[in-house]
Amino acid sequence: MEFFDFDALDDAEKRAERDKARKFRKTRWWQQKTASGICYYCGMKIAYCNITMDHLVPLARGGRSKKNNLVPACKDCNTKKKSMLPLEWEEYLEKHK
Ligand SMILES: [Zn+2]
């Protein structure tokens, strides 16, 4: 048992979750979710080839590859989200609503 952050996944678990996410990308569920081509965060229309799959709760913070934790995001949001702290990201979303 790791004790420094009880929510965090270990490397093997993260790898398994990423594998799951990759498999989700090939499902009808994901096709339907991305059919509208709308970014979950900024609401912008995105070209299908630019849609990325994002974890609402990042794996690094104990999130899992579950349907309710996977959302379509544009590359812009995905890149910005990764470089921000959760609080900064919330502020960013507030401004772009
Ligand atoms: Zn976006």
Using the alpha-carbon atoms, what tilt in degrees (0 to 90, nearest 10) does helix 11-24 show relative to the longest principal axis of the chain? 30 degrees
Check ILE38: other-chain or 5+ apart residues with amide H under 5 Å from its amide H, H built from backbone geometry? ILE46
Using amide H atoms built in the peptide plane, which far-off residues or other-chain residues are under 5 Å from ASP54 H to H? VAL71, ALA73
Beyond a 25 Å Cα-Cα separation, which of these cross-linked pairs lie in this structure: LYS23/LYS95; LYS20/LYS95; LYS66/LYS95; LYS14/LYS75; LYS14/LYS95? LYS23/LYS95; LYS20/LYS95; LYS66/LYS95; LYS14/LYS95
Classify the stretch 42-97: rounded, prolate or oblate, from the alpha-carbon gyration tensor (a ≥ b ≥ c, eigenvalue square roots; a/c under 1.5 rounded; otherwise prolate if a/b is larger than b/c)? oblate
Phi-derived 3J(HN,Hα) across the stretch 47-58 with the Karplus relation (6.51, -1.76, 1.60, θ = phi - 60°), rounded Hz, x for Gly and Pro, is 5, 3, 5, 9, 6, 10, 9, 10, 8, 3, 9, x
How high is the relative contact order of the stretch 11-96, given as a whole-number percent (alpha carbon pairs under 8 Å, six or more residues apart)? 27 percent
For the chain, average projected area of the Cα convex hull in nm²: 6.7 nm²
Let me check I've understood the local charge: for THR52, count other residues with C-beta under 11 angstrom from its C-beta, Lys and Arg +1, Asp and Glu -1. What total comes out? +2
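Every read-out reported here was derived from the displayed coordinates using simple, explicitly stated rules and does not represent laboratory data. What you are looking at is a predicted structure, and each value in this text was computed from that prediction instead of being measured. Ideal geometry is used to build each Cβ from the backbone, glycine not excepted, and the neighbour counts take in all protein chains shown.
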